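Novice: Handing you a structure now.
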Amino acid sequence: MMMKLNTDIKYVKGVGGKRAELLNRLDVRTVGDLLYFFPRAYEDWSKITKIRDAVQGETCCVKAFVDRKPTAKMIRKGMILYKTDVTDGTAVMQITIFNSEYAASKLREGEEFLFFGKVSGGFITKEMSAPLIEKAEGGERIRPVYRQTEGLSSAVIEKLVRSAYEAAQDELTERLSDSLCEKYVLCGVRDAIWNIHFPQNADMLGHARRRLVFEELLILRLGLTGLKNKSRATTELMLKKDYSEEFFGSLPFNPTNAQRKATAQAVKDMSGAVSMNRLLQGDVGSGKTAVAAALVYSAAKNGMQSAVMAPTEVLAAQHCKTMEAFFCGTDVSFMLMTGSTKAAEKRDIKGRLESGEIDLIIGTHALIQDDVRFKNLGFVVTDEQHRFGVRQRAILGCKGENPHTLVMSATPIPRTLALMIYGDLDISVLDELPPGRTPVKTFAITGDKRVRVYNYIKKHLDQGLQGYIVCPLVEEGETELAAAQEYAQGLSAGAFMGYRVGLLHGRMKGADKERVMSDFAAGAIQLLVSTTVIEVGVDVANAVIMLIENAERFGLSQLHQLRGRIGRGKDASTCILLSDAQNAEAKRRLEIMTQTTDGFKIADEDLKLRGPGDFFGSRQHGLPELKIADMLDDSQILREAADAAKGVIEGDPALSMPENAGLKRAVNALFAASPQGSGVRN
C-alpha cells in the first residue's frame with residue numbers, strides 16, 4: 001500500500017504505537033520525516049580487510065569463517081564472555097562477545113560472517129571484542145548510523161526507513177527543475193533519498209549528499225530572500241536629509257573610515273523608498289554604537305522615532321549611558337525601559353512614546369509588549385541579534401509602518417555562516433578599531449600559578465585600576481549560584497581581604513545589577529566577580545585586568561567577548577586564562593586566544609573547532625534547523641545554491657511557474673512558523 005509523506009509514522013510497517021512514540025522523541029512523526037531523517041555517520045562494510053593486515057587500534061571490517069562454536073565463560077555474576085576463533089585464510093582472529101547468548105548462537109561453525117569493530121591483541125594474536133556481526137552474503141555495503149534514543153537502535157531505524165521508502169517512494173516528487181539539475185549536475189530526488197540511506201558505494205553517497213545539501217540550502221536561501229524582499233516593503237519613512245556628519249562633528253573623537261562607510265551605506269538605504277534591513281557586524285570595541293547613534297540622530301532630525309533593543313538589562317543600561325554621552329547638548333530626547341522599570345514610569349514612557357515626545361527608546365524585550373505604541377517609529381536597532389532571532393525582530397518592526405532596521409552583532413561571524421544566519425539582511429562590517437584602543441595581552445596558565453595571578457591583580461588594584469574575575473557558570477542554577485557567591489566571599493575574606501570585591505550574576509534583579517555596575521563604573525568596586533552576564537556591553541575604561549576561571553569551559557568566541565570588556569581605555573590590559581584541562585581541543589582554544597585579538601580569525605577557528613550548530617551555544621532562534629548541510633564542509637555548495645537562488649528569483653520572483661511549484665511549497669512549509677509568514681507568496 002502506497003503512503004503519503006504526511007502519513008502518521010505509526011502506520012509504517014514495523015513501527016506501531018510504541019515505536020512511534022520513540023520516533024517522536026527524535027522529531028520523526030510522519031513518513032516524510034523518517035525519509036528525511038538522515039544518517040549521522042556511516043560504517044563502511046564494503047572495504048574488507050584481511051586479518052593479517054588488520055592494524056591494532058583501528059576499526060575495520062573482516063570477512064571470515066567461524067572455526068568453532070563459541071564457548072561461554074562466566075567471569076563474574078551477571079557477566080558471561082563468549083569466545084571463538086575466525087579465519088580468512090591469512091590469519092586467525094579471536095572474537096569476544098559480551099553477555100549475548102543470542103549473538104553467540106548465530107556464529108555457527110563453518111559459516112562465513114562479516115565482523116566490524118576495533119582490532120586489539122598482541123604482536124602475534126589478533127582480537128576483536130564486541131564486534132558488529134552480519135552474515136557475509138549481502139553484507140558488504142556502506143551501513144547508515146542514525147541518531148538514536150533508548151529502545152530504538154540504529155539497525156531498527158535502518159529497517160524502518162527501508163519500509164518507509166518502499167511504501168512512499170512514488171510520493172518523492174521533484175522540487176528542482178530539470179534545468180537546475182542539469183546545470184549543477186544533481187541526481188534525482190528518489191535516487192538521492194535511497195542512496196543517502198543505503199549507498200552502494202562512496203561515489204553514490206557523495207552524489208546523493210550533494211543533491212540533498214544543494215536542495216536544502218537553495219530552499220533556505222529562497223526563503224530568506226523572500227523574507228528580505230518582504231521586509232523591504234515600500235515605506236514613507238525616508239531620510240530627507242543626512243545629518244550624520246553633523247553628529248560626527250559633535251563627538252570628541254574622529255570616527256574611523258569603517259564607521260563612516262557603514263553609516264553612509266545605512267543612510268543611503270534609509271533615504272530610499274524601500275525600508276532598510278542591514279546587519280552591522282564588528283569586533284568588540286569597533287564602534288557600532290556610534291554608527292547606530294549617528295543614524296538615530298539623522299532619524300530624529302527627520303521627525304522619526306527610533307528604538308534600540310538589547311538582550312539584557314545591563315546592556316540596555318550601558319547603551320543608555322553611551323547615548324547620553326553622544327546626545328549631550330543636542331535636542332534628541334531618549335528614555336530607558338526594561339522589565340524592571342516601575343509600572344508608573346512605564347506608563348509615563350509609553351504615553352510619551354505614543355505622543356511622539358520621545359525620539360529614542362532603549363530597552364529589552366519590554367519594547368515588544370502589545371501596549372507599546374509609537375507615533376512615528378522609523379528606525380529599529382537590535383543588538384546582539386543572535387540572542388533574539390527573526391521572530392522578535394519582526395515584532396518590534398511591526399510597531400511602525402515598515403521602519404528601517406539595523407541589527408548589530410559584536411560576535412564576529414565567518415562569512416559563510418553569516419550568509420545563512422543573516423541571509424535576510426545586507427551586511428556592513430566594521431573591520432578597524434578606533435585609535436587609542438590598546439590590544440589586550442592574553443596568557444594561559446595552570447592552577448599552580450593562582451597565587452602569583454592574585455598578586456598580579458592586586459598590583460593593578462593598588463594602582464587605582466580595576467579588574468574582573470569571571471566564573472564559568474553557563475546555566476546559573478541555585479547550586480552554581482551559591483558557588484559563585486561563596487567564591488566571591490572567599491576572595492573578600494582571603495586573598496583580596498581589604499579590597500572592595502563585588503558580585504554580578506544573571507539571577508540578580510535588574511536594579512541590583514544596575515547598582516553593582518554603577519558602583520564598579522564609579523570605582524566603588526575594585527574587583528568584580530562575575531558570571532558571563534558581562535559578556536556583552538559592560539564598558540568600564542578603568543578595568544584593565546581579567547582572570548577567567550576554568551577557561552576551557554568557554555567557546556572561543558565567548559572568551560573573545562569576555563576579553564573585550566577590558567582594553568577599553570588608555571592603559572595596557574591583560575587577560576589571564578586559567579585552566580588545568582589536558583585535552584587537545586581545550587589547549588588549542590587557549591593557544592589561539594593567546595596568539596590573536598582579531599575577532600574574525602577567532603570566529604573562523606571557533607567554527608572549525610565547534611561547528612556551526614554550537615557556534616552560539618544554542619541553535620539560532622527563528623531559523624529552520626539544517627538536516628544535512630554543513631557550513632564548513634559545504635561552503636562551495638552554499639555558494640552554488642546562492643547563485644541558483646538568485647537566478648530563480650530573477651526569472652520567477654513569486655515562484656509561480658510550474659517548474660518552481662515544488663520549491664514554492666518547500667519554502668512556504670519551511671517558514672510557515674515565522675511571524676512574517678511564508679517566504680514567497682503570489
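Novice: So which strands (runs of 3 or more DSSP E) stay within the stretch 294-373 end to end and still have 1 or more residues that are in contact with a Cys (Cβ under 7 Å, 6 or more places away or on another chain) and open to solvent by less than 10 Å² (accessible area, probe 1.4 Å)?
Specialist: Because the criterion is at least 1 residues that are in contact with a Cys (Cβ under 7 Å, 6 or more places away or on another chain) and open to solvent by less than 10 Å² (accessible area, probe 1.4 Å), the strands (runs of 3 or more DSSP E) in the stretch 294-373 that meet it are 360-363.
Novice: What number goes with the only condition from (1) touching a Phe, Trp or Tyr at 6+ places or on another chain (Cβ under 7 Å); (2) farther than 30 Å from residue 184 by Cα that residue 214 does not pass?
Specialist: Against the list (1) touching a Phe, Trp or Tyr at 6+ places or on another chain (Cβ under 7 Å); (2) farther than 30 Å from residue 184 by Cα, residue 214 comes up short only on (2).
Novice: Return yes when residue 269 is part of a loop (DSSP other than H, G, I, E, B), over 26 Å from residue 599 (Cα atoms) and either among the aromatic types (Phe, Trp, Tyr) or open to solvent by 10 Å² or more (accessible area, probe 1.4 Å) (or both) and no when it is not.
Specialist: In short, no.
Novice: Of the numbered conditions (1) touching a helix residue (DSSP H, G or I) at 6+ places or on another chain (Cβ under 6 Å); (2) small (Gly, Ala, Ser); (3) surrounded by 24 or more Cβ atoms within 10 Å (Cβ to Cβ); (4) more than 24 Å from residue 366 (Cβ to Cβ), residue 286 fails exactly one; give the number of that condition.
Specialist: Residue 286 satisfies every listed condition except (1).
Novice: Return the residue satisfying two criteria in turn: it lies in the stretch 262-292 and is under 17 Å from residue 403 (Cβ atoms) and touching a Phe, Trp or Tyr at 6+ places or on another chain (Cβ under 8 Å), and of such residues it is modelled with the lowest pLDDT.
Specialist: By that ranking, first place goes to 279.
Novice: Would you check if there is a residue in the stretch 139-147 being touching a Leu at 6+ places or on another chain (Cβ under 8 Å), open to solvent by less than 60 Å² (accessible area, probe 1.4 Å) and either assigned to a strand (DSSP E or B) or hydroxyl-bearing (Ser, Thr, Tyr) (or both)?
Specialist: Here is the first cut: in the stretch 139-147, the residues touching a Leu at 6+ places or on another chain (Cβ under 8 Å) are 139-140, 142, 147.
Next, only the ones that are open to solvent by less than 60 Å² (accessible area, probe 1.4 Å) stay: 139, 142.
Restricting the remaining residues to those that are either assigned to a strand (DSSP E or B) or hydroxyl-bearing (Ser, Thr, Tyr) (or both) gives 142.
The answer is yes, given that some residue of the stretch 139-147 is touching a Leu at 6+ places or on another chain (Cβ under 8 Å), open to solvent by less than 60 Å² (accessible area, probe 1.4 Å) and either assigned to a strand (DSSP E or B) or hydroxyl-bearing (Ser, Thr, Tyr) (or both).
Novice: Does at least one position in the stretch 525-532 carry a residue that is over 34 Å from the mean Cα position of the chain (by Cα), at pLDDT 85 or above, closer than 17 Å to residue 466 by Cα and in a loop (DSSP other than H, G, I, E, B)?
Specialist: Checked against the condition, which is being over 34 Å from the mean Cα position of the chain (by Cα), at pLDDT 85 or above, closer than 17 Å to residue 466 by Cα and in a loop (DSSP other than H, G, I, E, B), the stretch 525-532 yields at least one hit.
Novice: Additional query: Does residue 162 fit the bill of being among the basic types (Lys, Arg), open to solvent by 20 Å² or more (accessible area, probe 1.4 Å) and within 16 Å of residue 14 (Cβ to Cβ)? Steps first, please.
Specialist: Numbers: among the basic types (Lys, Arg): yes; open to solvent by 20 Å² or more (accessible area, probe 1.4 Å): yes; within 16 Å of residue 14 (Cβ to Cβ): yes.
Criteria met by residue 162.
Novice: Cβ-Cβ under 7 Å, sequence separation 6+ or interchain: first residue in the stretch 249-261 and modelled with pLDDT of 95 or more, partner assigned to a helix (DSSP H, G or I). Which pairs?
Specialist: Between residues of the stretch 249-261 that are modelled with pLDDT of 95 or more and residues that are assigned to a helix (DSSP H, G or I), the close pairs are 259/290; 259/291.
Novice: Continuing with the same structure: Taking residue 202 as meeting all but one of (1) over 29 Å from residue 409 (Cβ atoms); (2) open to solvent by less than 10 Å² (accessible area, probe 1.4 Å), write down the number of the exception.
Specialist: (2)
Novice: Could you say whether any residue in the stretch 44-58 is hydroxyl-bearing (Ser, Thr, Tyr) and in a strand (DSSP E or B)?
Specialist: no
Novice: Residue 271 versus (1) free of Cβ contacts under 8 Å to residues at least 40 places away in the same chain; (2) polar (S, T, N, Q); (3) in contact with a helix residue (DSSP H, G or I) (Cβ under 8 Å, 6 or more places away or on another chain): which is the lone unmet condition?
Specialist: Status for residue 271: all satisfied but (3).
Novice: Listed residues 121, 78; which is of a type in the set (Gly, Ala, Ser), farther than 19 Å from residue 156 by Cα, open to solvent by 50 Å² or more (accessible area, probe 1.4 Å) and at pLDDT below 95? Before the answer, list the steps.
Specialist: Numbers: 121 fails: open to solvent by 50 Å² or more (accessible area, probe 1.4 Å).
Residue meeting the stated conditions: 78.
Novice: Oh, and also: Which residue pairs have Cβ atoms under 7 Å apart, sit 6 or more places apart or on different chains, and have a first residue in the stretch 1-20 that is assigned to a strand (DSSP E or B) and a second that is open to solvent by less than 90 Å² (accessible area, probe 1.4 Å)?
Specialist: Close Cβ pairs (under 7 Å, with a partner that is open to solvent by less than 90 Å² (accessible area, probe 1.4 Å)) amount to 8/30.
Novice: Here's something else I'd like to know. Name the residue that is nearest to residue 551 (Cα to Cα), counting only residues in the stretch 410-430 that are modelled with pLDDT of 80 or more and touching a helix residue (DSSP H, G or I) at 6+ places or on another chain (Cβ under 7 Å).
Specialist: 430
Novice: Is there a residue in the stretch 479-500 that is at pLDDT below 90 and under 24 Å from residue 383 (Cβ atoms)?
Specialist: No: the stretch 479-500 contains no residue that is at pLDDT below 90 and under 24 Å from residue 383 (Cβ atoms).
Novice: Follow-up. Among what's in the stretch 124-157 and is closer than 16 Å to residue 53 by Cβ and at pLDDT 90 or above, pick the residue that is nearest to the chain's Cα centre (by Cα).
Specialist: Checking each candidate, the answer is 128.
Novice: Which condition number in (1) touching a residue at least 40 places away in the same chain (Cβ under 8 Å); (2) in a helix (DSSP H, G or I); (3) within 30 Å of residue 46 (Cβ to Cβ); (4) not hydrophobic (A, V, I, L, M, F, W, C) is the one that residue 226 fails?
Specialist: All conditions are met except number (3).
Novice: Among the listed residues 65, 116, identify the single one that is on the phi < 0 side of the Ramachandran plot, touching a Cys at 6+ places or on another chain (Cβ under 9 Å) and assigned to a strand (DSSP E or B). Spell out the reasoning first.
Specialist: On the way: 65 fails: touching a Cys at 6+ places or on another chain (Cβ under 9 Å).
Just a single option satisfies the conditions, and that option is 116.
Novice: Pairs, please: C-beta under 7 Å, at least 6 apart or cross-chain, first residue under 18 Å from residue 109 (Cα atoms) and in a loop (DSSP other than H, G, I, E, B) and in the stretch 120-135, second of a type outside the set (Ser, Thr, Tyr) and open to solvent by less than 40 Å² (accessible area, probe 1.4 Å)?
Specialist: Pairs that qualify, where the first residue is under 18 Å from residue 109 (Cα atoms) and in a loop (DSSP other than H, G, I, E, B) and the partner is of a type outside the set (Ser, Thr, Tyr) and open to solvent by less than 40 Å² (accessible area, probe 1.4 Å), are 131/95; 131/115; 131/116; 131/117.
The values are calculated or read from the model by the stated rules, or taken from the named source; none is laboratory data. Since this is a predicted model, take the numbers as computed values, not measurements. So basically every Cβ, Gly included, is an ideal-geometry build from the backbone, and we count neighbours across all protein chains shown. With ligands, DNA and RNA removed, areas are computed over all heavy atoms of the protein, side chains included. Shrake-Rupley method; radii C 1.70, N 1.55, O 1.52, S 1.80 Å.
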